[in-house]
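Undergrad: Take a look at this one; I'll ask things after.
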Amino acid sequence: MANSLHAKYGLKRVINASGRMSILGVSAPNDSVMDAMKIGAQNYIEIADLVDKAGSYIADKLDSEDAVVVNSASSGIAMSIAALVTKGNKFDSLKLHQKDIPENEVILFKGHNVQYGAPIETMIHLGGGRLVEAGYANEGRKEHLEETINDNTCAILYVQSHHAVQKNMITVEDAWDVAKKYGIPFIIDAAAEEDLQKYISCSDLVVFSGSKAIEGPTSGIVAGKKQYIDWVKVQLYGIGRSMKVGKEAIFGLLQAIDHFFNKEDHSREERDSLQALHVLNELDGVTVDIVQDEAGREIYRGRIKVNPIQANMSAEELATALRIGKIAIYTRDYGVKQGFFDIDPRPLQGNDIEIIVQRIQEILGGSS
């Protein structure tokens, strides 16, 4: 069925070896999630009641005071900022970009000012915040936060992500200590994180993607202190109106949350599956290693290093050749300028890894 739909709409088959990336549709929800989405889509519901009941259900799973479902982690960031800028005032929320609210400074480590498909600073400004960077591109300390806090500070935003600088940055717990010391609301962008409850315990608001680690439909979650969640809900009638989430996605997310907290850990099997890549060591100029996720998560990837002189092709050229083939193979390309790319086993399906090996052999063997 999938192949016939691809053909009907003129779409290429994609092998996703990159990870849960938005440009490839993030994740592939299981059948139980899709069944729940069908039920949600084909039945009517009082949306306001669904928003409240779904939030309470998710909050119970996360050990949070409350939660609200939004349509993405990005919108969750923007709506969280808007909530703290306006303090939940309905008039200010509806007139957000017509109001001059001086207490709208949002502190973000310079090393956390990331581009994840959109600049995080865009989400801050969309929520009515004014970005104030703390620290340096390669260093973020407690004192950097403390020296930036003033009477106009409405929030500290901490980005827990592989996109952010990892070296010489204080932990989320240390940043939380600073926020508590000065009474500043603390938001964590934990969009792709898997240890959900950890971040609830060290934040006022935390933002998750519903379609990354949770493997639900396109959606997001904002969880945290009830007062702040109430303020976020006010934004549903302001900027959040353009970010609304459908009833089918909410039902799918609820089912995905259930599955998430009951699923088995497959990290060992995923790591073992990468052994199939070691045959590529036989190619001139290619070295394969198994590496752990740079942010310390229990995620393992195959790292393919390419010596351009020996292979007659750079890592970047090889990754491009894989991507533009008849079957589009997307690798994790953050390191191509340094001579390597990664294979993430989590999204792979069926014989995908064998096709990846075959295509690399064909390209570097000159038979493509």
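Undergrad: Q255: without any contact (Cβ under 8 Å) to a residue 40 or more places away in the chain, over 17 Å from M21 (Cβ atoms) and assigned to a helix (DSSP H, G or I), yes or no?
TA: Details: without any contact (Cβ under 8 Å) to a residue 40 or more places away in the chain: no; over 17 Å from M21 (Cβ atoms): yes; assigned to a helix (DSSP H, G or I): yes.
So Q255 fails the test.
Undergrad: I've got another one for you. Would you call G127 of a type outside the set (A, V, I, L, M) and modelled with pLDDT of 95 or more?
TA: Numbers: of a type outside the set (A, V, I, L, M): yes; modelled with pLDDT of 95 or more: yes.
Yes; evaluated as a whole, the condition is true for this residue.
Undergrad: Are any residues in segment 96-115 more than 27 Å from Y334 (Cα to Cα) and either at pLDDT 95 or above or surrounded by 16 or more Cβ atoms within 10 Å (Cβ to Cβ) (or both), and if so, which ones? Before you say what the answer is, go through the steps one by one.
TA: We begin by selecting, within segment 96-115, every residue more than 27 Å from Y334 (Cα to Cα); these are 96-106.
Those that are more than 27 Å from Y334 (Cα to Cα) and either at pLDDT 95 or above or surrounded by 16 or more Cβ atoms within 10 Å (Cβ to Cβ) (or both): L96, I101, N104, E105, V106.
Undergrad: Something else about it: Look through V306, V286, V234 and report the one residue that is free of Cβ contacts under 8 Å to residues at least 40 places away in the same chain and in contact with a helix residue (DSSP H, G or I) (Cβ under 6 Å, 6 or more places away or on another chain).
TA: Numbers: V286 fails: free of Cβ contacts under 8 Å to residues at least 40 places away in the same chain; V234 fails: free of Cβ contacts under 8 Å to residues at least 40 places away in the same chain.
On inspection, the qualifying residue turns out to be V306.
Undergrad: State whether one or more residues within segment 117-132 are out of contact with any helix residue (DSSP H, G or I) (no Cβ under 6 Å at 6 or more places or on another chain), over 23 Å from S75 (Cα atoms), in a helix (DSSP H, G or I) and open to solvent by less than 30 Å² (accessible area, probe 1.4 Å).
TA: Within segment 117-132 (the criterion being out of contact with any helix residue (DSSP H, G or I) (no Cβ under 6 Å at 6 or more places or on another chain), over 23 Å from S75 (Cα atoms), in a helix (DSSP H, G or I) and open to solvent by less than 30 Å² (accessible area, probe 1.4 Å)), the answer is no, since none of the residues qualifies.
Undergrad: Please state which one of G339, G302 is at pLDDT 90 or above, in contact with an Asp or Glu (Cβ under 9 Å, 6 or more places away or on another chain) and at positive phi.
TA: Details: G302 fails: at positive phi.
Criteria check complete, one pass: G339.
Undergrad: Follow-up. Just checking, does segment 218-230 include any residue being modelled with pLDDT of 95 or more, over 17 Å from P185 (Cα atoms) and open to solvent by 10 Å² or more (accessible area, probe 1.4 Å)?
TA: no
Undergrad: Residues that are over 21 Å from L84 (Cβ atoms), at least 3 per element: which helices (runs of 4 or more DSSP H) completely within segment 134-251 meet that?
TA: 196-200
Undergrad: Kindly indicate whether D174 is surrounded by 14 or more Cβ atoms within 10 Å (Cβ to Cβ), under 24 Å from the mean Cα position of the chain (by Cα) and closer than 26 Å to Y300 by Cβ.
TA: On the way: surrounded by 14 or more Cβ atoms within 10 Å (Cβ to Cβ): yes; under 24 Å from the mean Cα position of the chain (by Cα): yes; closer than 26 Å to Y300 by Cβ: no.
Answer is no for this residue.
Undergrad: Among the residues of segment 262-270, is there at least one that is basic (K, R), loosely packed, with under 15 Cβ neighbours inside 10 Å and under 24 Å from E354 (Cβ atoms)? I'd like the intermediate steps shown before the answer.
TA: Restricting attention to segment 262-270, the residues satisfying the condition of being basic (K, R) are 263, 268.
Right, trim to loosely packed, with under 15 Cβ neighbours inside 10 Å and you get 263, 268.
Next, from what is left, pick out any that are under 24 Å from E354 (Cβ atoms): 268.
Taking every residue of segment 262-270 in turn, at least one turns out to be basic (K, R), loosely packed, with under 15 Cβ neighbours inside 10 Å and under 24 Å from E354 (Cβ atoms).
Undergrad: Take A118 and decide whether it is modelled with pLDDT under 95 and closer than 20 Å to E294 by Cα. Break it down stepwise before answering.
TA: Numbers: modelled with pLDDT under 95: yes; closer than 20 Å to E294 by Cα: no.
When the stated conditions are applied, A118 does not pass them.
Undergrad: Related question: Looking at the structure I just gave you, is A179 small (G, A, S) and more than 16 Å from L62 (Cβ to Cβ)?
TA: yes
Undergrad: Just give me the residues in segment 60-95 being of a type outside the set (S, T, N, Q), farther than 13 Å from A223 by Cβ and open to solvent by 10 Å² or more (accessible area, probe 1.4 Å), in sequence order.
TA: K87, G88, K90, F91, D92, L94, K95
Undergrad: Can you pull out every residue in segment 46-59 that is open to solvent by 10 Å² or more (accessible area, probe 1.4 Å) and not basic (K, R)? Don't jump to the end; show me each part of the working.
TA: Our first condition is that a residue be open to solvent by 10 Å² or more (accessible area, probe 1.4 Å); within segment 46-59, this holds for 46-53, 56-57.
Scanning segment 46-59 gives E46, I47, A48, D49, L50, V51, D52, S56, Y57.
Undergrad: Another question, if that's okay. Test V245 against the criterion of being aliphatic (A, V, I, L, M), over 30 Å from V165 (Cα atoms), open to solvent by 10 Å² or more (accessible area, probe 1.4 Å) and touching a residue at least 40 places away in the same chain (Cβ under 8 Å), and give yes or no.
TA: Details: aliphatic (A, V, I, L, M): yes; over 30 Å from V165 (Cα atoms): yes; open to solvent by 10 Å² or more (accessible area, probe 1.4 Å): yes; touching a residue at least 40 places away in the same chain (Cβ under 8 Å): yes.
Spelling it out, V245 is indeed aliphatic (A, V, I, L, M), over 30 Å from V165 (Cα atoms), open to solvent by 10 Å² or more (accessible area, probe 1.4 Å) and touching a residue at least 40 places away in the same chain (Cβ under 8 Å).
Undergrad: What number goes with the only condition from (1) under 23 Å from the mean Cα position of the chain (by Cα); (2) open to solvent by less than 40 Å² (accessible area, probe 1.4 Å) that Q255 does not pass?
TA: The failed condition is (2).
Undergrad: Would you mind finding the one in V26, V33, V14 that is of a type outside the set (D, E, K, R), farther than 27 Å from K225 by Cβ, open to solvent by less than 40 Å² (accessible area, probe 1.4 Å) and touching a helix residue (DSSP H, G or I) at 6+ places or on another chain (Cβ under 7 Å)? Can you show your working first?
TA: Working: V26 fails: touching a helix residue (DSSP H, G or I) at 6+ places or on another chain (Cβ under 7 Å); V14 fails: open to solvent by less than 40 Å² (accessible area, probe 1.4 Å).
After ruling out the rest, the residue left standing is V33.
The values are calculated or read from the model by the stated rules, or taken from the named source; none is laboratory data. In this text the structure is predicted, and so the values were computed from the model without any measurement. Note: ideal-geometry Cβ built from the backbone for every residue, glycine included; neighbour counts use all protein chains shown. For accessibility, only protein heavy atoms count, side chains too; no ligands or nucleic acids. Shrake-Rupley method; radii C 1.70, N 1.55, O 1.52, S 1.80 Å.
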